[in-house]
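Notes to accompany the following structure.
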Amino acid sequence: MAVSEEEGVTLEVLRKKMADFARERDWEKFHSPRNLLLALVGEVGELSEIFQWKGEVPKGLPDWKEEEKLHLGEELSDVLLYLVRLSDICGVDLGKAALRKLELNAKKYPVKLCKGSSKKHTQINSKSNSVTDKNGSIRKNSNSSGSSEC
């Protein structure tokens with residue numbers, strides 16, 4: 001299944017390619033949810049190693065060598081491919097699940113209350129415009145600019 005650059009790559013294309021890849025190698029018997037999850041975690045570890053000692057890295061990775069960016073792309077791809085395969089084996093439409101999650105997050109983190117803040121949703125109460133501090137105490141948010149803590 002060839003994909004032209006104009007078409008782009010969809011999750012469905014990746015799902016089919018991964019299924020074909022596993023089937024051609026008779027690897028389906030090894031692709032249990034548990035095994036795929038453990039492989040995914042291992043790949044996330046490999047991805048983490050790339051950033052481990054670099055400190056904060058600016059967007060676009062301007063100081064990285066091309067071979068470092070290529071390696072990063074390979075590890076990101078491993079994570080994506082295992083995630084797509086795991087979702088397929090579990091019968092989850094990853095694209096639909098991701099869109100649903102974005103909708104849930106939009107409700108959980110309303111722009112009016114969360115813009116510019118990194119607070120967790122459990123630290124706000126959108127109905128009363130109050131926030132929960134680290135001790136769980138609820139207090140009225142004093143920020144009246146519309147960009148309350150989130």
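The values are calculated or read from the model by the stated rules, or taken from the named source; none is laboratory data. All values derive from a computational prediction rather than experimental measurement. All Cβ positions, even for glycine, are placed from backbone atoms using ideal geometry, and neighbour counts span all protein chains on display. The area values use the complete protein model at the heavy-atom level, side chains included, leaving out ligands, DNA and RNA. Shrake-Rupley method; radii C 1.70, N 1.55, O 1.52, S 1.80 Å.
Here are a few things to note about the model shown:
- Residue selected from segment 58-76 under the condition outside any helix (DSSP H, G or I) and closer than 26 Å to L14 by Cβ, by the criterion farthest from the chain's Cα centre (by Cα): W64
- W64 vs. criteria open to solvent by 70 Å² or more (accessible area, probe 1.4 Å), farther than 30 Å from H121 by Cα and not small (G, A, S): no
- For segment 29-40, the set of residues classified as farther than 17 Å from V92 by Cα and either modelled with pLDDT under 95 or open to solvent by less than 90 Å² (accessible area, probe 1.4 Å) (or both) consists of A39 only.
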